[in-house]
Amino acid sequence: MKVRHDGNGVHFFDRRTGLNILLDEIRVPAILRDSAPRFVSVALTNACDLQCVFCYAPKHGARLDASQVLSWAIELDRGGCLGLGFGGGEPTLHPAFVALCRQISEATELAVSFTTHGHHLTDAMIGDLMGAVHFVRLSMDGI
Ligand code: SF4
């Protein structure tokens with residue numbers, strides 16, 4: 001279980017079960033508080049193969065370098081961050097998406113999550129992500 005110290009108290013978090021325990025009666029001195037944000041969202045790529053009419057996101061193939069994202073994740077983990085969430089665009093279109101989730105899960109204690117339209121969640125991808133991703137947000141904006 002990961003422990004975070006911040007202005008709200010002492011926060012215990014288990015990424016496998018989603019259990020959160022906040023001991024808010026404990027006042028953590030400013031000098032002992034973790035420096036990283038509690039949760040970080042990363043737009044992994046601007047690419048998306050849908051065209052939702054309300055979407056404001058640019059649709060081009062720009063994407064972050066996977067090794068850079070891994071190094072940010074390690075730094076965030078050391079700084080007391082509890083979770084990293086991928087979005088976009090459509091994060092599953094990043095060519096290193098599965099490998100990156102696995103690497104971050106193995107190298108850190110972060111909860112790895114992502115938001116997706118779901119169209120690329122094949123059985124093979126779900127199998128590859130098993131154990132490396134801790135929760136998924138599925139966007140459903142129409143029938
Ligand atoms: S799935 Fe998301 S990123 Fe893609 S067009 Fe729809 S709202 Fe935009």
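How about the range 103-123: which of its residues are more than 30 Å from M1 (Cβ to Cβ) and more than 16 Å from the ligand (Cβ to nearest atom)?
Those that are more than 30 Å from M1 (Cβ to Cβ) and more than 16 Å from the ligand (Cβ to nearest atom): T122, D123.
With respect to I126, determine if the residue is at pLDDT 95 or above, more than 16 Å from the ligand (Cβ to nearest atom) and crowded, with 20+ Cβ neighbours inside 10 Å.
Criteria not met by I126.
I'm trying to understand the selection: among the residues of the range 48-92, which are near the ligand (Cβ under 9 Å from one of its atoms), open to solvent by less than 60 Å² (accessible area, probe 1.4 Å), over 12 Å from the mean Cα position of the chain (by Cα) and not acidic (D, E)?
Answer for the range 48-92, where residues must be near the ligand (Cβ under 9 Å from one of its atoms), open to solvent by less than 60 Å² (accessible area, probe 1.4 Å), over 12 Å from the mean Cα position of the chain (by Cα) and not acidic (D, E): C48, L50, C52, C55, A57, G89.
Please count how many residues of the range 108-120 are open to solvent by 50 Å² or more (accessible area, probe 1.4 Å) and closer than 23 Å to D49 by Cβ.
Residues that pass the stated criteria total 2.
Kindly indicate whether any position in the range 76-94 is touching a strand residue (DSSP E or B) at 6+ places or on another chain (Cβ under 6 Å), free of Cβ contacts under 8 Å to residues at least 12 places away in the same chain and of a type in the set (S, T, N, Q).
Scanning the range 76-94, I find no residue that is touching a strand residue (DSSP E or B) at 6+ places or on another chain (Cβ under 6 Å), free of Cβ contacts under 8 Å to residues at least 12 places away in the same chain and of a type in the set (S, T, N, Q), so the answer is no.
What are the residue pairs meeting all of these: first residue in the range 40-60, first residue over 18 Å from F114 (Cα atoms), second residue within 7 Å of the ligand (Cβ to nearest atom) and not acidic (D, E), Cβ atoms under 7 Å, and 6 or more apart or on different chains?
K59/C48
May I ask you to list the residues in the range 15-47 that are open to solvent by less than 50 Å² (accessible area, probe 1.4 Å), outside any loop (DSSP other than H, G, I, E, B) and either out of contact with any helix residue (DSSP H, G or I) (no Cβ under 8 Å at 6 or more places or on another chain) or away from the ligand (no atom under 16 Å from the Cβ) (or both)?
V40
The values are calculated or read from the model by the stated rules, or taken from the named source; none is laboratory data. The structure presented is a predicted model; accordingly, all values stated were derived computationally and were not measured. Backbone-built Cβ (ideal geometry, glycine too); neighbour counts: all protein chains shown. All accessible areas refer to the heavy atoms of the entire protein, side chains included, with ligands and DNA or RNA removed. Shrake-Rupley method; radii C 1.70, N 1.55, O 1.52, S 1.80 Å.
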